[in-house]
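For reference, the structure is listed below as structure tokens.
The values are calculated or read from the model by the stated rules, or taken from the named source; none is laboratory data. All values derive from a computational prediction rather than experimental measurement. Reconstructed Cβ throughout: ideal geometry from the backbone, glycine too, with neighbour counts over all protein chains shown. Side chains are part of the model used for accessible areas, which takes the heavy atoms of the whole protein and leaves out ligands, DNA and RNA. Shrake-Rupley method; radii C 1.70, N 1.55, O 1.52, S 1.80 Å.
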Amino acid sequence: MKKIFLPLLLMIFFVTGCGIDSEKNNPANKLIIGVDDEYAPMGFHNEKGEIVGFDIDLAKEVGKRTGIEFEFKPIDWNNKRAEITSGNVDILWNGTDITDERKEYMIFTKPYMENRQILIVPKGNPENIHSVGDLEGKTVGTQAGSSSRDYVDVTPSLKNSFKEFKTYLNFKEAFANLESGNVEVLICDELAGRYELSKDPQKFTVIEATVGETCEIGIGFRKNDVELRDKIQKAFDDMIKDGTAKRISEQWFQVDLIKFRR
């Protein structure tokens, strides 16, 4: 009986230890949030080298309400699928667009913001760009791994019309190349684009033309982390009801951009 009992205990241990979510698998109750640390104002480094931003503040508030300690880990956003499916990060929370492709390997909270892709050109619009049709024959840039890149890749008629299509590690690098003339126009997330413009409005101009469809932003989790997703969703719901999410939005955007679908 003793010889049978010990293997049975071991079997029970291994079976019950599999298939649990990220929070239960972390004895310190500490979860890793993957961020693009050059994606201002959602998540970026301030002058002190600290990771700050709109989504960072939202996550910290959720952490206070749930008792979960979050660590913010910079990742190559172009490799986000491998980062979350491998377990290197537990959550993707950094202006993460909800797309059909991402739903293949993640589950999301309800969308809490909307984002669209816009065109940004140097001040004065030297190439006379006013619509997506004016991109023909132009050198166009965007961020690798962004929804802008995804849209261009699945729209060959648009991509093939460009003289050249360049991608950059982050939007900070993309804007530097627009300023230097290495690209003539950027396709980028409106949230990131308008934040960059607000820092130096004399360098760039927004062209009021939407590229592709408007995207919804949510918080991404591994497919099996339903319990964790729902726990964070509940805290977020409470932040919207009591006005905390609105206050954080107004601090970063001077307006309430929280769009919550009940």
Query raised in the report: Residues that are open to solvent by 30 Å² or more (accessible area, probe 1.4 Å) and either of a type in the set (Ser, Thr, Tyr) or under 30 Å from Lys234 (Cβ atoms) (or both): which strands (runs of 3 or more DSSP E) entirely in the range 79-196 hold 2 or more of them?
Result: 113-122
Requested in this report: Go through (1) of a type outside the set (Asp, Glu); (2) more than 30 Å from Val121 (Cα to Cα); (3) out of contact with any strand residue (DSSP E or B) (no Cβ under 9 Å at 6 or more places or on another chain) one by one and return the number of the condition Gly220 breaks.
Outcome: (3)
Query - Selection within the range 176-199 - among the acidic types (Asp, Glu) and touching a helix residue (DSSP H, G or I) at 6+ places or on another chain (Cβ under 9 Å) - result: Glu184, Asp189, Glu196
Requested in this report: State whether the residues of the range 232-241 include one that is open to solvent by 60 Å² or more (accessible area, probe 1.4 Å) and under 15 Å from Pro41 (Cα atoms).
Outcome: no
Report summary line: Among residues of the range 212-230 being surrounded by 18 or more Cβ atoms within 10 Å (Cβ to Cβ) and over 11 Å from Lys110 (Cβ atoms), the residue modelled with the lowest pLDDT is Cys215
Requested in this report: Answer yes if at least one residue in the range 67-77 is under 25 Å from Asp97 (Cβ atoms), modelled with pLDDT under 95 and surrounded by 10 or more Cβ atoms within 10 Å (Cβ to Cβ), and no otherwise.
Outcome: yes
